[in-house]
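To start, the structure itself, in structure tokens.
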Amino acid sequence: MADGNGGEMPQLDALAQYVKDFSFENPHAPRSLQPKAAPPEINVQVNVNAKDLGNGEFEVELSLDGEAGKGEDMLFRFDVVYAGIFRLVNIPQEHVHQVVMIECPRMLFPFARAIVANAVRDGGFPPFLLQPIDFGALYQARVAEVQQGGNNNRVN
């Protein structure tokens, strides 16, 4: 596929997607399934990790960790690592990191979101639909954090 300027078009291909790790806990069932006076506080953390597999291929992991309630009032908690293998073709080297850390998790997110929603529903609760995530903003925040002295490869 040419770009009209004699070069090949940039291409991002998802070669595989898979659940790498998954956990759902409903630690206080059946008590947790009883009606509550107020909705629980829900906390979700998002992390993105990537590993260069060589030949333009990367494994990207999207981690979603969340919980509804705390301590004895905990309703449920989940932890999913949903991953994919992606191939980048004709992407300028200076853009590879952004594509891997923004576009790849953006492609993985709807599938990870469905896994969480189904698990919460199967746990006896209404489906929990995570709001869309701005992976570009997460990336920019992580870049700023790294520039201020951090050196972890995670995007929080």
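Segment V146..H28, full-extension length gain: 38.6 nm, with 0.36 nm per residue of separation and the alpha-carbon distance subtracted. Only helices enter the 222 nm calculation for the chain: every DSSP H run of n ≥ 4 contributes -39,500 (n - 2.57), and dividing by all residues gives -7500 deg cm²/dmol, rounded to 500.
Normalised by the number of residues in the stretch 8-103, the mean separation of alpha-carbon contacts (under 8 Å, six or more apart) gives a relative contact order of 40 percent.
Near S23, once Lys and Arg are set to +1 and Asp and Glu to -1 for all other residues with Cβ below 11 Å from its Cβ, the sum equals -3. Given [x] 9, 28, 32, 20, 9, 2, 0; [y] 11, 43, 39, 7; [z] 10, 34, 28, 18, 7, 2, 0 as candidate values of P(r) over Cα pairs in 10 Å bins from 0, in percent, which corresponds to the one derived from the coordinates? So the structure-derived entry is [z]. Restricting the GluC sites (Glu not before Pro) of the stretch 1-93 to loop positions (DSSP other than H, G, I, E, B) with no more than 13 neighbouring Cβ atoms within 10 Å leaves E41. Highest mobility in the GNM of the chain, judged by mean-square fluctuation with C-alpha springs under 10 Å and restricted to V80, V44, V60, is found for V44.
Here, each number is a calculation from the coordinates, and none is a lab measurement. Predicted model only: the values in this text are computed from it and were never measured. Virtual Cβ from ideal backbone geometry, glycine too; neighbours counted across all protein chains shown.
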